[in-house]
1. Could you please find all residues in region B:148-171 being at the interface with chain A (Cβ under 9 Å from one of its Cβ atoms), within 14 Å of the chain's Cα centre (by Cα) and of a type in the set (Gly, Ala, Ser)?
2. Residue pairs, Cβ under 6 Å, 6 or more apart or interchain, first in region A:98-111 and without any contact (Cβ under 8 Å) to a residue 60 or more places away in the chain, second buried (at least 23 other Cβ atoms within 10 Å of the Cβ) and among the β-branched types (Val, Ile, Thr). List them.
3. Quick one: which of A:Gly163, A:Gly101 is within 21 Å of A:Ala31 (Cβ to Cβ) and either among the β-branched types (Val, Ile, Thr) or part of a loop (DSSP other than H, G, I, E, B) (or both)?
4. Which of the residues belonging to region B:211-231 are away from every other protein chain (no Cβ under 14 Å) and not acidic (Asp, Glu)?
5. Out of A:Asn313, A:Asn336, which single residue is crowded, with 17+ Cβ neighbours inside 10 Å and either among the polar types (S, T, N, Q) or modelled with pLDDT of 95 or more (or both)?
6. Name the residue that is nearest to the chain's Cα centre (by Cα), counting only residues in region A:205-254 that are under 29 Å from B:Asp228 (Cα atoms) and of a type in the set (Val, Ile, Thr).
7. Do you know which residues across region A:190-209 are among the hydrophobic types (A, V, I, L, M, F, W, C) and within 11 Å of chain B (Cβ to nearest Cβ)?
8. Out of A:Ile302, A:Ile234, I need the residue that is of a type in the set (Val, Ile, Thr) and more than 14 Å from every other protein chain (Cβ to nearest Cβ). Which one?
Protein chains: 2
Amino acid sequence: MQRHTGRDMWDVEECQSPRMGSVILGVDGGASNTVCVCIPAAMPFNDPLPVLSRTVAGCSNHNSVGEDRARETLERVMSQALLKARRRRSNVCAVCLAVAGVNHPIDQQRMLDWLRDIFPSHVKLFVENDAVAALASGTMGKLHGCVLIAGTGTIAYGFTSDGREARAAGAGPVLGDWGSGYGISAQALTAVVRAYDGRGPETVLTNNMLDFLGLASPDELIGWTYEDQSWARIADLLPVVVESAESGDEVANKILHNSVGELASSVKAVVQRLDLGGEDGKHPFPLVMVGKVLEANKRWDIGKEVIDCVTKNYPGAYPIHPKVEPAVGAALLAWNAIASELDGDIRTVQ
Amino acid sequence: MQRHTGRDMWDVEECQSPRMGSVILGVDGGASNTVCVCIPAAMPFNDPLPVLSRTVAGCSNHNSVGEDRARETLERVMSQALLKARRRRSNVCAVCLAVAGVNHPIDQQRMLDWLRDIFPSHVKLFVENDAVAALASGTMGKLHGCVLIAGTGTIAYGFTSDGREARAAGAGPVLGDWGSGYGISAQALTAVVRAYDGRGPETVLTNNMLDFLGLASPDELIGWTYEDQSWARIADLLPVVVESAESGDEVANKILHNSVGELASSVKAVVQRLDLGGEDGKHPFPLVMVGKVLEANKRWDIGKEVIDCVTKNYPGAYPIHPKVEPAVGAALLAWNAIASELDGDIRTVQ
């Protein structure tokens, strides 16, 4: 397979400082942007972690922007991270790309082939779904346990220590990701329409949503949703739902309780399929919580409610709120895999 | 307000046959096309109705195609209907435009102003939401009772004899039209994903949907829905859901029962707000049923279930399955309004 872009993108290395030690590149490619970090391969586990450089580019989900543009974005963000860290391509000993849109082994293999054309055979390469980087950001690179992401969308993704994996949800709004920021906000808007046309109970969501959006009547919500159907725009209404629930509104509270049930059910499905909790459910495993839906609010803490719901069945689950971003998680995943290999405990993705 | 298009579109009338009697134009502008019929103003109520001509054009919903294109389409479909009926613009005594996207008095007034620029002041003009034409297609033009439309989308729309009106649903999938063809099919696809990832029970919908779509695994549904997010494409899966329910599948049956509840709740909301059933709910009123979701299937008849559900609360509701299309309903609405006026029973829209 030929390299997608010309060699010029990587020529910067020729004018950089001489080899100062091996590095690892970690890339997190999400729905709206792509972040690359460069960390030293021989780093000790300090706090804060010694991130040598961090670069940001646009979306690299091949489903959204096409394969050519996705590759170009990924090459650029990596070459810029090396330039900024004053390292060469020959300093790289491992790369982990964790990108949204990697859903099948075929997506994974295509990206591995293309990476292999950039980096020589001794460089360890890892390609994963972006949810895997989020898990690794909580476990410091170890692929074990379950991550729950709930932002604009939602997904639960888990790994056993011996490399089996499972996921639940993450299929988008058409296919029912009701626990996501989009899902919660869409249900709240629906409740406003239902209260207005007589199908549902009165709710303070009506006034709160109209105030927030600067609209005069629930009629106008139809035009507002048609105007721009991006999921993020709907998901941005989440704080209005949380505030309405905190003020005691029953309709808003019911929506949030339902979303807790949905999110917990995603986690439980993954945990059950991977048997992470053991026979009695008490076996310990990390439950990494990521995304604005799961961040603590004033009183209504969706993340805490989800944890309570999961630990009823799986008391061994211990929640982790990551202190580092997913791109660092991706780098740590590669770091951890190399360290395990050196320890003789080999988990080779390629 | 100036006419949108040039006079050339209407010049055909100059070369047509001389005046042969007054006519009425009825226009139904839906999500995918626009139909215009031309009927004689002085017609007796024969069966079949004497439709002089029928023409079809593209979408005329201003929200979808913009105002300029919507007007051009509406002018064209009307001028062609007159040409085909060998009538002139001066033969027109009434026009009823029933167009999707007319949701506010402001939409209505803008179109009335523009129509008035085409037709002289003695011509009676009516502008309504397309649901109103569907009601009129069942009541032979009388605006009384409730219509339930359930095709790709769904809406309930009702009128009292003295001109009060109300609607429920019709806000699109983001705002929760779950009883629609889109809503039913999206829930079925969601059930397939849930069964696959362990969040929901097994269902024959999985095999039936994958067979129908030519896909190998539920994984591939994510890509399939991203490919083309048009609502009609999802709604076209309705027969798969109905067949699955007819074969005894519990999940599919639950989805259809829920949709019956949703559709009946839209009707009941309208009937209650307009008090169509009177104090004891037994007052008779027409319940016009339109759209492929409500058409009788082999055993699972969604339309019949909805009627049963409505008549439990409102035994006076008498269901009507229209024999004529909505464009004829629009023409009959105008015909009926003129006839009422001549009878001294005036209901003037403009």
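The values are calculated or read from the model by the stated rules, or taken from the named source; none is laboratory data. Note that this is a predicted model, so its numbers are computed, not measured. Please note: Cβ atoms are built from the backbone with ideal geometry, for glycine as well, and neighbour counts cover all protein chains shown.
1. First, the residues of region B:148-171 that are at the interface with chain A (Cβ under 9 Å from one of its Cβ atoms): B:156, B:166-171.
Still in the list and also within 14 Å of the chain's Cα centre (by Cα): B:156, B:167-171.
Within region B:148-171, B:Ala156, B:Ala168, B:Ala169, B:Gly170, B:Ala171 qualify.
2. A:Gln108/A:Val102; A:Gln108/A:Val127; A:Met111/A:Val127
3. Criteria check complete, one pass: A:Gly101.
4. B:Phe212, B:Gly214
5. Numbers: A:Asn313 fails: crowded, with 17+ Cβ neighbours inside 10 Å.
Result: A:Asn336 is the single residue among A:Asn313, A:Asn336 that is crowded, with 17+ Cβ neighbours inside 10 Å and either among the polar types (S, T, N, Q) or modelled with pLDDT of 95 or more (or both).
6. Among those residues, the one meeting the criterion is A:Ile234.
7. In the first step, residues of region A:190-209 are kept if they are among the hydrophobic types (A, V, I, L, M, F, W, C); the result is A:191-193, A:195, A:204-205, A:209.
Answer for region A:190-209, where residues must be among the hydrophobic types (A, V, I, L, M, F, W, C) and within 11 Å of chain B (Cβ to nearest Cβ): A:Ala191, A:Val192, A:Val193, A:Ala195.
8. Working: A:Ile234 fails: more than 14 Å from every other protein chain (Cβ to nearest Cβ).
Selected residue: A:Ile302, the only one of A:Ile302, A:Ile234 that is of a type in the set (Val, Ile, Thr) and more than 14 Å from every other protein chain (Cβ to nearest Cβ).
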